[in-house]
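Here's the structure we're looking at; comments come further down.
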Amino acid sequence: KFAADFVINLGVMGHFVGDNSQPYHTSVDYDGWLSGHGGIHAYYEETMVTAQDSKLLDEVINEGKKLQKKKKSISFLKNQSVVENMKQLALISNKDLATIQKIDKVITPSSIKEEKGMKLKTPAVRANIEKMAPLFKPLITLHMARSAALLAKIWDDAYIQNGRPSLASHK
């Protein structure tokens, strides 16, 4: 039972660490409606990731390994506190919002109209996905690599702090 719970909790942690490296999860303008980029959250997090080529996973792993080698100088990998590392990752991720918005050259900005007490949202109109995917790839790779490096540290630290339990019973 312990091994199964441990593995499940590792996955839950993965979700939250991954969210923390996504810049829009660190902003009050989480979906770009305040900046005319309405709909950017899913566009960046899903559409652009799905549009990447098959090399993305290998590139994320390689970049994550590079980050791990420099962990003593990287603000979100050098602390013993998970909370402090997550805070540092959020701060770094948030700084990338401006870059994403520069890349996301909308054709028509998003709008919000109020009618009869309801907010009607019209998402931004964006350029062709195939054209935009390569422009977003470096940032997507970096964001995923950051979260992978921090997640690996959290998992390693948890495993060690719990006495390196045997995971052989979990299939």
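With respect to the conditions (1) of a type in the set (S, T, Y); (2) within 21 Å of T26 (Cα to Cα); (3) open to solvent by 60 Å² or more (accessible area, probe 1.4 Å), T141 falls short on a single one, namely (3). Out of D29, D58, one residue alone is assigned to a loop (DSSP other than H, G, I, E, B) and of a type in the set (D, E, K, R). It is D29. Checked against (1) outside any loop (DSSP other than H, G, I, E, B); (2) touching a residue at least 12 places away in the same chain (Cβ under 8 Å); (3) within 26 Å of V83 (Cα to Cα), P165 passes all but a single condition, namely (1). Could you tell me which of the residues L67, L77 is among the aliphatic types (A, V, I, L, M), open to solvent by less than 40 Å² (accessible area, probe 1.4 Å) and assigned to a loop (DSSP other than H, G, I, E, B)? Answer to the check: L77. Contact map, region 98-118: residues that are without any contact (Cβ under 8 Å) to a residue 40 or more places away in the chain paired with residues that are assigned to a loop (DSSP other than H, G, I, E, B) and open to solvent by 80 Å² or more (accessible area, probe 1.4 Å), Cβ distance under 7 Å, separation 6+ or inter-chain. No pairs are found. Of the residues making up region 99-120, those that are touching a Leu at 6+ places or on another chain (Cβ under 8 Å) and β-branched (V, I, T) are T99, I100, I103, I112. Candidates are the residues of region 30-52 that are over 20 Å from V17 (Cβ atoms) and without any contact (Cβ under 8 Å) to a residue 12 or more places away in the chain; the one that is most open to solvent (accessible area, probe 1.4 Å) is L34. The single condition among (1) touching a helix residue (DSSP H, G or I) at 6+ places or on another chain (Cβ under 7 Å); (2) surrounded by fewer than 13 Cβ atoms within 10 Å (Cβ to Cβ); (3) part of a helix (DSSP H, G or I) that I112 does not meet is (3). Going residue by residue through region 155-166, is there one that turns out to be under 28 Å from K71 (Cα atoms), β-branched (V, I, T) and exposed (fewer than 13 other Cβ atoms within 10 Å of the Cβ)? Taking every residue of region 155-166 in turn, at least one turns out to be under 28 Å from K71 (Cα atoms), β-branched (V, I, T) and exposed (fewer than 13 other Cβ atoms within 10 Å of the Cβ).
The values are calculated or read from the model by the stated rules, or taken from the named source; none is laboratory data. Note that the coordinates shown come from a computational prediction; the quantities given were computed from them, not determined experimentally. Cβ: placed from backbone, ideal geometry, glycine included. Neighbour counts: every protein chain shown. Keep in mind that these areas ignore ligands, DNA and RNA; they rest on the heavy atoms of the full protein, side chains included. Shrake-Rupley method; radii C 1.70, N 1.55, O 1.52, S 1.80 Å.
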